[in-house]
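Here the structure is laid out as structure tokens; the discussion comes afterwards.
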Amino acid sequence: MPSGTKSLHFLLSALLTAISAAVLGFAMSTNWSKTTMDCRGIGTNNGSAAITMGLFDGLLVRDSCPSFGSQSKFLVFTELSRITKTPMILHGLCVCLLALCLLCSVLSILISFYNSVSNPYETFMGPIGVYVCSSASACLSLLVLIIFVLNITVTTMAEELVPSIETIVSVVLRNKTSQMQVGYFLVIPYMVLSLGAVLLIYLYEHTAYTHRREQERPTEDAPKEIMMY
């Protein structure tokens, strides 16, 4: 059986990872971005169009774009499949990476629980497993943050989605401004909590290693008269 200190550290690591997974699960179910654009049709006054997007569904709100307003809910992947492929590929990559994050978090939880009740060897079922899984979660989530914001701000996804969703022709969209929403920002605490799980195991390993070194240290502090025999 592992020591009480080891069990405590690994259980706390599992708890942090479970909280992070819950945060990420909620993040994946809510809005990630809102993009607003000025809209002008032929022979009409300026209006506006705003697209609020989650990972799987979204909402398009039009005001005098081109000549009247409306609200339309849409499925993200369905609409992305109708425009150029780059936005859909990047968006799909984000979703796949987030799914891998959740998988790594689940593996980290299982390994942490296993180590809290057992003393496995230094393999991927030991502390190394927690390091790999939780670090992978943090790195992949950081990559998602970068890819998603690039997809929103750099590509023409929003400009193409507005006329595609409502089948509008002869409309000009410009002055795009994008704001990240709750779902996007919740990935940051997920990443921090994943690194916190790694830190807990590292602190235990460092303390245990220091303790072992002190026990294995030869009689350096013994009197010279004793060491001569």
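The values are calculated or read from the model by the stated rules, or taken from the named source; none is laboratory data. Just so we're clear, the structure is a prediction, and the values are computed from it rather than from any experiment. Note that each Cβ is placed from the backbone with ideal geometry, even for glycine, and that neighbours are counted across all protein chains shown.
Regarding Val187, is this residue in contact (Cβ under 8 Å) with a residue 40 or more places away in the chain and either part of a helix (DSSP H, G or I) or within 19 Å of Phe74 (Cα to Cα) (or both)? So Val187 passes the test. Residues that are in contact (Cβ under 8 Å) with a residue 60 or more places away in the chain and among the hydrophobic types (A, V, I, L, M, F, W, C) within segment 124-137 comprise just one, Val130. Considered as a group, the residues in segment 162-184 that are in a helix (DSSP H, G or I) and touching a residue at least 60 places away in the same chain (Cβ under 8 Å) include one that is nearest to Ser29 (Cα to Cα), and that residue is Gly183. Of all residues in segment 139-161, which are in a helix (DSSP H, G or I) and either among the hydroxyl-bearing types (Ser, Thr, Tyr) or under 9 Å from the mean Cα position of the chain (by Cα) (or both)? Scanning segment 139-161 gives Cys139, Leu140, Ser141, Leu142, Leu143, Val144, Leu145, Thr153. For segment 60-79, which positions are under 17 Å from Thr167 (Cβ atoms), within 24 Å of the chain's Cα centre (by Cα) and surrounded by fewer than 17 Cβ atoms within 10 Å (Cβ to Cβ)? Selection gives Leu75, Thr78. Kindly evaluate Ser135 against the criterion of being hydroxyl-bearing (Ser, Thr, Tyr) and more than 22 Å from Val192 (Cβ to Cβ). Considered against the rule, which asks whether it is hydroxyl-bearing (Ser, Thr, Tyr) and more than 22 Å from Val192 (Cβ to Cβ), Ser135 comes out as no. Restricting attention to segment 115-127 and to residues that are surrounded by 16 or more Cβ atoms within 10 Å (Cβ to Cβ) and not small (Gly, Ala, Ser), the residue that is nearest to Gly4 (Cα to Cα) turns out to be Asn115.
Condition check: within 30 Å of Leu24 (Cα to Cα), hydroxyl-bearing (Ser, Thr, Tyr) and at pLDDT below 90. Does Tyr202 satisfy that? It is true that Tyr202 is within 30 Å of Leu24 (Cα to Cα), hydroxyl-bearing (Ser, Thr, Tyr) and at pLDDT below 90. Residue check: is Arg82 under 23 Å from Val169 (Cα atoms), surrounded by 17 or more Cβ atoms within 10 Å (Cβ to Cβ) and basic (Lys, Arg)? Spelling it out, it is not the case that Arg82 is under 23 Å from Val169 (Cα atoms), surrounded by 17 or more Cβ atoms within 10 Å (Cβ to Cβ) and basic (Lys, Arg).
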